[in-house]
1. What about S68, is it under 27 Å from L188 (Cα atoms) and either small (G, A, S) or surrounded by fewer than 15 Cβ atoms within 10 Å (Cβ to Cβ) (or both)?
2. Is at least one residue of region 303-311 part of a helix (DSSP H, G or I), without any contact (Cβ under 8 Å) to a residue 24 or more places away in the chain and more than 16 Å from the chain's Cα centre (by Cα)?
3. Of the numbered conditions (1) under 18 Å from I111 (Cα atoms); (2) in contact with a Lys or Arg (Cβ under 8 Å, 6 or more places away or on another chain); (3) surrounded by fewer than 22 Cβ atoms within 10 Å (Cβ to Cβ), S319 fails exactly one; give the number of that condition.
4. Quick one: in region 14-39, of everything that is surrounded by 12 or more Cβ atoms within 10 Å (Cβ to Cβ) and over 17 Å from R291 (Cα atoms), which residue is modelled with the lowest pLDDT?
5. Among the listed residues V161, V146, which satisfies the condition of being within 19 Å of the chain's Cα centre (by Cα), among the hydrophobic types (A, V, I, L, M, F, W, C) and surrounded by fewer than 16 Cβ atoms within 10 Å (Cβ to Cβ)?
6. Would you pick out the residues in region 328-359 that are over 19 Å from W294 (Cα atoms) and surrounded by 18 or more Cβ atoms within 10 Å (Cβ to Cβ)?
7. Among (1) in contact with a Gly (Cβ under 8 Å, 6 or more places away or on another chain); (2) of a type outside the set (D, E); (3) part of a loop (DSSP other than H, G, I, E, B), which single condition is R168 missing?
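The values are calculated or read from the model by the stated rules, or taken from the named source; none is laboratory data. What you see is a predicted model; the values in this text were computed from it and never measured. Quick reminder, even Gly has a Cβ in these numbers, built from the backbone with ideal geometry, and neighbours come from all protein chains shown.
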Amino acid sequence: MTKLMLKQEVGFPVPLNEAEIEEFGKEVEEIRNEIMDSRGEKDAKYIRKLLKIQRSLALFGRLVIYISLAFLPQWEHAFANYWYFFSVIGVGVLMLASAKILENMEIGHNILHAQWDWMKDPNIQSGSWEWDHVCPADQWKHSHNVRHHTWTNVFGKDADVAGYGLLRIFPEQKWKKFNLGNPIYALLLAIFFEWGVAIQELELGLVLSGKRKISKMKPMLKRTGMKIFRQMMKDYVLFPLLAGPFFLYVMAANASACILRNLWTYMIIFCGHFSEGVHTFSRKQVENETRSHWYVRQLLGSCNIKGGKLFHVMSGNLSHQIEHHMFPDMPSNRYPEVAPRIQSLCERYNLPYNTGRLSRQFGTTVLRILRMTFPGPRLKQVAA
């Protein structure tokens, strides 16, 4: 591997001077313009077909959950029906969880990035889409699209890089005794990930520390509270009520689907910026940043995951996190064709392109969380 040398005039750990960075950015921009100019009916068919698949999965998943109640074991036949009941309800839960994953990742996340606004379809617009999530879409767009994507991995600007305000992820974060619970916090965040995302934008820590008055939070708290109420009513009251005396079984099945969705999204999203080889930045490093410097920062601060077509779709194509951060408003179905071109470009410019299998990317992320549980030396930054 080529050791990355820090260029003081650039402020980034890359073996390029200012002119070379600008040239790299120009070539990246050419790729972006070519793809964006080629958007058309094929792309529109993709998102419309995906919406039909997702809605069908959600419908049939709930139906299978209800059908499974017919196999619910009675005391006198418990052993005979036990396997059938859990097999059928398990299929229903997996179908519903898959529907929720698709809606949150490949559909909702990307629609809210305005990837499909060019279609002028009123049903698929970033300004009006509300997703199947406890976090209101408009609040998420501010914390994610504005803060995270603009200031990716910049301490003091990007809340994600600070472990969602809960975890110690990088050595630049001051160690506190609270961080001894890092593994427990990480597990709880994984199980209840959608709740962590909703709370992140509220920045309740500022209220608890007295840096922000609760009165200024009331509009956001009201919006989030209303969204949570609607989601809770849908999954944990209305649909279970349709099962009558089997209310608790359906509620538990819905909760299981939500938890599976949370675990999957947590794993994919944490791989995107916390795997080994990722870089972080100070505010001083991004002063007077040009568009080309921004492209380089997105490259250094993001990680891809290798996998097949189905894996990429189920990950919301965040398995192409590098391309997503370079081109957040590009239709996600185009990332697979863009990725080899960006990787080839990085090889020509001797820039790192952090990609690896899910086991590697998530494994090093878990290791990072465990290591940051305790005070110690800085993690060594390595080229991917």
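1. no
2. Within region 303-311, one or more residues are part of a helix (DSSP H, G or I), without any contact (Cβ under 8 Å) to a residue 24 or more places away in the chain and more than 16 Å from the chain's Cα centre (by Cα).
3. Every listed condition holds for S319 apart from (3).
4. Result: P15.
5. V146
6. Of everything in region 328-359, those that are over 19 Å from W294 (Cα atoms) and surrounded by 18 or more Cβ atoms within 10 Å (Cβ to Cβ) turn out to be P331, S332, N333, R334, T355, G356.
7. Of everything listed in (1) in contact with a Gly (Cβ under 8 Å, 6 or more places away or on another chain); (2) of a type outside the set (D, E); (3) part of a loop (DSSP other than H, G, I, E, B), R168 misses just condition (1).
Residue-by-condition table, conditions (1) surrounded by fewer than 16 Cβ atoms within 10 Å (Cβ to Cβ); (2) modelled with pLDDT under 95; (3) farther than 16 Å from G163 by Cα; (4) not polar (S, T, N, Q):
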| position | (1), (2), (3), (4) |
| --- | --- |
| L188 | yes, no, no, yes |
| K211 | yes, yes, yes, yes |
| K218 | yes, yes, yes, yes |
| L221 | yes, yes, yes, yes |
| L238 | yes, no, yes, yes |
| F246 | no, yes, yes, yes |
| N254 | no, no, yes, no |
| C258 | no, no, yes, yes |
| Y266 | no, no, no, yes |
